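The values are calculated or read from the model by the stated rules, or taken from the named source; none is laboratory data. Please read these numbers as outputs of a predicted model, since none were measured by experiment. With ideal geometry, Cβ positions are generated from the backbone for all residues, glycine too; neighbour counts draw on all protein chains shown.
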Amino acid sequence: MRLDVSFPDLRDVERFRALGPQHLDEVRDRFGLSADVVEEMRLHAMVLPFRVNEYVLENLVDWDNAPEDPIFQLVFPQPGMLPGLSRHDLGVLRDATPKSPEKRELVARLRADLNPHPSGQQEHNVPMLDGERVDGVQHKYAQTALYFPSQGQTCHAYCTYCFRWAQFIGDPDLRFASSSPEQFVAYLHEHPEIHDVLVTGGDSMIMSTARLRQHLEPILAVPTVRTIRFGTKALAYWPARFTTDADADDLLRLIEEIVKSGRTAAVMAHMSHPRELQTDLARWAVERLRSSGALIYCQAPLMAHINDDADTWAELWRAEVALGAVPYYMFMARDTGPQQYFEVPMPRAWEIFTDAYRQLPGLSRTVRGPVMSAAPGKVLVDGIEGAPGERIATLRFEQARDASLVGRPFRAHCPDDAGWVDDVTLLPDTPADIRAAIEAYRD
């Protein structure tokens, strides 16, 4: 590994500084936002989590185009993200004291209406060991388990569409978190079929390297674990984590140790827009990560207001490949949070994916999509046929709780505004086991 990989013209990077709702007036004054825009963001941030940092503000947002700028939409709460907000509700949020029972009840109701745990994550994904729930773990697919270290349940900045927004609102009943890997390690010994562990959150890279090592070393002592995945958006929101942070070199050495042990270290990089890969610091971070032996897989959801056009996705995928990363998934907006604000209907999503895919050379065609991470599994939209109002969707399980379903296609009537698998009607000839899997989790 070459820790000296560098860009000689890179400017010094400031120490990480997070900004939250209490800093919105500062953002207004620095970047010339109107008072009305800031007031709307302040009200929405009482319900939805909001966090940003100096790197995002100074390097990613195009302030000349705010509030329509896609990165601005990505990180700042917007009007329309809370469709159940009435005029009376706005008055309560604006005027009631922070600790008033009326405001607390309203915020709790609005959050509950946003489906904080989609696809039955709490009901169906949490494993049991000796009759007890394994805290901070999800086990949905046989070979892969998700691990949520408690110290990693925040991010360098929050995406407004984040499907794990419930991790960030301070409600322990809605939060996945584990303070220690001890119980998870015992579960891994009982389940040798688990080969991949995804360390996620939040963001696995928000932790110090020392803390990350404390969580990983017991897991790496389990011989059946062959791949460690790191779920992160740090390459986009805080690339200094891999370059100039005080323990950045230690982090790369930890990754190198994983690789030298004969395992795979994969960074699952959340990349929403090509601008996130255009800074010198981001490119430097990718190069240093690759020098450690890590594989970098890039994924993101298709979102209205942010990246809902084919040229943006083609540019993003080409940029990823140019840096040595692998385009992996295009997801659809999950049925949680402000889904209605970001949702792209299934027929349009398939058009965007296909139009972008056609622009790519062969090496870039590793990407899969559009994909819905639904309760029974990852459902890929493989094609849309027919005229508006008469559309038929060909769907396929890319991954499934029941492995026998993986790779198998099925077809459904697809309304023009369908945004999720719950919105389609399976055709009569759908195989019985696929129908049962889909119907078992319908709302």
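Listed values, structure above:
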| item | result |
| --- | --- |
| Qualifying residue in segment 115-125 (condition: farther than 30 Å from GLU182 by Cβ, surrounded by fewer than 18 Cβ atoms within 10 Å (Cβ to Cβ) and under 24 Å from the mean Cα position of the chain (by Cα)) | yes |
| Condition broken by GLU40, with the remaining ones in (1) at pLDDT below 95; (2) outside any helix (DSSP H, G or I); (3) among the acidic types (Asp, Glu) satisfied | (2) |
| Among the residues listed as VAL379, VAL406, VAL424, the single one being within 24 Å of the chain's Cα centre (by Cα), under 25 Å from GLU123 (Cα atoms), of a type in the set (Val, Ile, Thr) and buried (at least 18 other Cβ atoms within 10 Å of the Cβ) | VAL379 |
| Residue list for segment 403-443, filter: of a type in the set (D, E, K, R) and touching a Gly at 6+ places or on another chain (Cβ under 8 Å) | ASP416 |
| Any hit, segment 283-293, residues being hydroxyl-bearing (Ser, Thr, Tyr), assigned to a helix (DSSP H, G or I), farther than 23 Å from THR160 by Cβ and over 15 Å from the mean Cα position of the chain (by Cα) | yes |
| Cβ pairs under 7 Å, 6+ apart, first in segment 61-89 and within 23 Å of TRP238 (Cβ to Cβ), second modelled with pLDDT of 95 or more and not in a loop (DSSP other than H, G, I, E, B) | VAL61/ILE71; VAL61/PHE72; ASP62/ILE71; TRP63/PHE31; ALA66/PHE72; ILE71/ARG275; VAL75/VAL52; VAL75/VAL56 |
| Residue in segment 425-443 that is farthest from MET346 (Cα to Cα), counting only those that are of a type in the set (A, V, I, L, M, F, W, C) and not in a loop (DSSP other than H, G, I, E, B) | ALA432 |
| Residue check, ASP173 at pLDDT below 95 and over 30 Å from ILE71 (Cα atoms) | yes |
| Residue match in segment 305-318 (condition: assigned to a strand (DSSP E or B), modelled with pLDDT of 95 or more and of a type outside the set (Asp, Glu)) | no |
